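Structure, as structure tokens:
The values are calculated or read from the model by the stated rules, or taken from the named source; none is laboratory data. As the structure is a prediction and not an experimental result, all values here were calculated from the model. A quick note on method: Cβ atoms are made from the backbone with ideal geometry, for glycine too, and the neighbour counts reach across all protein chains shown. The accessibility values were calculated without ligands, DNA or RNA, using every heavy atom of the protein model including side chains. Shrake-Rupley method; radii C 1.70, N 1.55, O 1.52, S 1.80 Å.
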Amino acid sequence: MAGETEQKGARPGRGTKPGEAAHPSAPTVAKLRMQFAKRGRARFSSHRDVARTMEWTLRRAGVPVSLSHGFSPHPRLSWIGAAPTGAASEAEYVEIGVTEHLDPALVAREVDAVLPEGIAVVEVVVAGPGALADRIDASRWEIETPGVGDEELARAIEAFLAAPEVSVERVTKNGPKPLDVRAAVAELRLSLTRTDEPASPDREDRARAATCGRLAAVVRHTTPAARPDDVCSALRAVAGLEFPEPVRATRWAQGRLDDRGELIDPLAADRAATPA
């Protein structure tokens, strides 16, 4: 009987989920929102690779990340709008549940010091009210097009913007589906930014740099998501534009589109509420 009493007493209560009593975890007392960059060769890392790297880095930096309950606890990390493999980004976001109140600036320094080359912390803030995902519905991209100059791009952009619909085929886990890229693109124009001409004396390198155009695009987060490659496929479909070399895409910002077509910084409200 005594053994039965002890066994009954060890059972979790009605409000306890299976595994919580066996694997208790410290409660989440705050959330941090981190903006980080994916640069250089790290752009070829998949989202799964980046997520594993960030989990390892947070442990190495000693950040007290809260864990889920159950028999297989995992870090409470929420990812928002990860960039596709092959694209660089200056605006990746992750929300981190922590078991202690922390100085976000200190967390940024400690985590950035441990991250591998190509991944860097841009900013960390204490999360305020509201969901971060509700503050993000579009991205600003720059797409470099080696072998395709601005004049060719300008003609293709004009045809694209004049079309009421430009559909491309997207292969999903449920099979191929049409994607209306025109509906997803809020803005498409030539980019005004330029990099310096390469120092290489090779004529071929200089010629390639001279014919490398740049697109600036603001793309809404649709389902399925319209990626930079889809924008180029849409230009091919509507204007017959061919890209002799792989394009290089960089995401410079994520946020919510306002009435003027500008992206609102998703961390602005949190930053304003974070004590100096």
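Return the FRET efficiency for the residue pair L192, R271: r is the Cβ-Cβ distance, R0 is 25 Å, and the value is rounded to the nearest 0.05. Walk me through the numbers before you get to the answer.
Values: r = 27 Å, r/R0 = 1.09.
Efficiency for this residue pair is about 0.40.
State the percentage of accessible surface on segment 30-127 attributable to carbon and sulfur atoms; use a 1.4 Å probe and exclude ligands, DNA and RNA.
Values: 2320 of 4760 Å².
Carbon and sulfur: 49 percent of the exposed surface of segment 30-127.
Would you please state which residues of segment 251-272 a label at A120 would reach in this model, taking the label point 7 Å out along Cα→Cβ and a backbone N cut-off of under 16 Å?
Backbone N within reach: 251-253.
Remind me, relative contact order of segment 44-199 in percent, using alpha carbon pairs under 8 angstrom and six or more residues apart?
Details: 126 pairs, mean separation 23.0, N = 156.
It comes to 15 percent, rounded to a whole number.
Kindly state, to the nearest 0.05, the FRET efficiency for S68 paired with A159, given R0 = 35 Å and r defined as their beta-carbon distance.
Details: r = 50 Å, r/R0 = 1.42.
Efficiency for this residue pair is about 0.10.
Excluding ligands, DNA and RNA, what is the solvent-accessible area per residue of segment 157-196 at a probe of 1.4 Å, expressed in Å²? Walk me through the numbers on the way to the answer.
Details: 2660 Å² over 40 residues.
Averaged over the residues of segment 157-196, the accessible area is 66 Å².
Using a Debye calculation, one point per C-alpha and no hydration shell, please list log10 I(q)/I(0) for segment 30-127 at q = 0.17, 0.21 Å⁻¹ in order.
-0.70, -1.06
Hull surface divided by four, with the convex hull built on the Cα atoms of segment 19-84: how many nm²?
Working: hull surface 21.4 nm².
The number I arrive at for segment 19-84 is 5.3 nm².
Using a 1.4 Å probe, what is the accessible area per residue for segment 30-127, in Å²? Intermediate values should be presented prior to the final figure.
Working: 4760 Å² over 98 residues.
With the other protein chains kept in place, segment 30-127 gives 49 Å² per residue.
Explain nothing, just the number: dipole magnitude of segment 30-127 about its Cα centre with +1 on each Lys and Arg Cβ and -1 on each Asp and Glu Cβ, in debye rounded to the nearest 20.
Once rounded to the nearest 20, the dipole reads 280 debye.
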